[in-house]
1. Could you work out how much longer the chain between residue 273 and residue 208 gets when fully extended? Use 0.36 nm per residue separation minus the Cα distance between them, nm to one decimal.
2. Counting C-alpha atoms alone, how compact is region 178-303: give Rg to one decimal and Dmax as a whole number, in angstrom.
3. Would you work out which of 210, 235, 260 lies farthest towards the positive end of the dipole of region 209-297? Charges go on Cβ: Lys and Arg +1, Asp and Glu -1.
4. Please report the relative contact order for region 155-298, taking Cα pairs under 8 Å with a sequence separation of at least 6, and give it as a percent rounded to a whole number.
5. From the cross-link list 251/332; 280/341; 390/439, which pairs have alpha carbons spaced over 28 Å apart?
6. Taking the Cα centroid of region 359-418 and of region 201-236, what is the distance between the two, rounded to the nearest whole Å?
7. Work out the charge dipole of region 274-413 with +1 on the Cβ of Lys and Arg and -1 on the Cβ of Asp and Glu about the Cα centre, then indicate which of 293, 345, 329 is farthest towards its positive end.
Amino acid sequence: MRKGNKKYKLRTKLTMSYLLIGLLCIIAITLVSNSFLERSFIRYVVRNQEIKNLGLVEQIVNHVDQNERWNTDWIASIGISALEQGMLLRVEKSSGEVVWDAYTHNSGMCEEMISHMALQMVDKVPSWEGEFTNTAYSLEREGRVFGKAVIGYYGPYYYSDTDAAFLDTLNHLLMIISLMTVCLALIVGAFMAKKISWPLSRVTEIADEISKGNYEARVEIRSNTAEIDTLISAVDDLAQTLEKQEQMRQKLTTDVAHELRTPLATLQSHMEAMIDGIWKPDVDRLMSCHDEIVRLSGLVGDLEKLAQYESEAANGVYEPFELSQCIEAQIKHFENAYHKKNMQISFEKGEDMLVNGNKNQISQVVINLLSNALKYSHEGDTVIVRTFVKQNRACFSVEDFGEGISEAHLPHIFERFYRADPSRSRITGGAGIGLAITKAIVTSHHGKIEAACIREKGTTFTVELPIYKGRG
């Protein structure tokens with residue numbers, strides 16, 4: 001393990017990722033909203049200031065009659081009202097005579113107000129650059145100018161106390177929403193992290209159990225996340241496969257020990273009897289030992305073949321060949337053995353069928369099935385071999401009329417060392433590996449083999465192989 005490489009739990013990482021996403025969203029939304037709101041609010045303030053200015057001008061015009069008589073009292077009230085709103089008004093006649101001036105009215109209040117406005121803007125907007133601005137508006141009626149109004153205000157924009165209170169409220173609201181979003185991100189993140197990490201933690205526990213040899217362990221949970229559910233299924237399948245392999249290994253060890261025990265015990269007893277002088281090492285005794293050695297050699301050879309055929313790397317060279325010709329050649333080799341037992345082989349040849357595979361291995365399948373039929377058939381019986389096409393697959397069957405196999409034994413006849421009739425094993429000389437080898441070969445050729453029988457009426461083995469369709 002690398003030093004300094006700190007490990008974090010998936011649950012922690014997921015929770016932190018949700019929190020980070022929430023924070024990034026908050027920052028992005030805050031920046032975008034502040035920028036957008038600030039620009040929009042500035043446009044609103046500037047537009048609102050212009051509306052106020054035009055409103056003041058309209059009020060002044062309305063208080064000057066057709067003969068240009070000025071209602072100074074009303075104009076003074078308009079100026080005072082404007083002063084309270086942060087605007088300094090000065091009204092002049094066209095002759096230059098001042099009708100009303102906010103500075104003349106209350107210069108101290110004007111200075112205090114300007115100072116307050118400057119401090120408030122610097123406090124709210126530190127980067128703000130503004131100054132006191134005077135804007136002149138003509139006072140006219142029907143195209144005739146009779147004076148002007150000069151309105152002083154802080155520009156280019158200014159936040160009043162009401163505006164400042166609104167911005168503070170908005171910022172507080174954004175802060176509350178941000179805090180709520182962080183809390184929600186933590187809650188949802190923790191929930192989702194637990195939902196995702198819990199099945200993964202369970203998978204890790206089961207994988208650890210499997211690594212310790214507990215192949216019966218299963219995750220036994222499901223997730224609505226496709227990838228996690230696939231992982232759970234894969235781990236369960238792995239455990240099941242390893243459990244089966246372990247059972248097969250134990251069974252194979254037991255079966256091999258059982259098969260070797262009898263010939264070895266026989267050899268040991270014979271050798272001890274000859275060593276102790278109880279038996280003379282004559283030809284008959286030595287032949288008996290030789291037979292047991294041959295049995296042992298045959299068993300070892302069968303095991304080697306089974307391992308070879310079950311190995312994916314030992315499938316041999318595949319090439320197209322005619323199935324019926326391969327079967328017919330093996331039938332000819334068995335004719336003498338069948339004749340000695342007063343039996344016959346009937347070959348019902350169907351249409352020609354090309355298969356792609358290892359011809360020697362398929363020949364071994366035919367040999368094993370014909371040998372089985374010879375062993376378990378009675379004198380005078382006929383074994384029928386057929387070739388045919390079934391669902392676009394090349395098939396052949398070997399049918400005998402021997403004792404048959406019971407339904408209880410039928411599902412197990414392709415297992416190693418399995419004998420449907422253990423009492424006949426010594427008579428027939430079989431070790432129970434032939435059909436296991438047969439199935440291994442057929443499976444390696446992407447085919448399948450099935451057995452069907454009726455007790456006391458014989459057995460039919462059917463092999464299906466893919467038809468060779470050429471490289472095109």
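Since every read-out is calculated from the coordinates, none of them should be taken as a lab result. Here the structure is a predicted model, which means the values were calculated and not measured. All Cβ positions, even for glycine, are placed from backbone atoms using ideal geometry, and neighbour counts span all protein chains on display.
1. Working: separation 65, 0.36 × 65 = 23.40 nm, distance 5.38 nm.
Full-extension gain reported as 18.0 nm.
2. Cα-based Rg and Dmax for region 178-303 come out at 29.9, 103 Å.
3. The residue sitting farthest along the positive end of the dipole is 260.
4. Values: 53 pairs, mean separation 19.4, N = 144.
Taking the mean separation of contacting Cα pairs over the length of region 155-298, I get 13 percent.
5. Working: 251/332 37 Å; 280/341 36 Å; 390/439 19 Å.
Pairs exceeding 28 Å: 251/332; 280/341.
6. 41
7. 329
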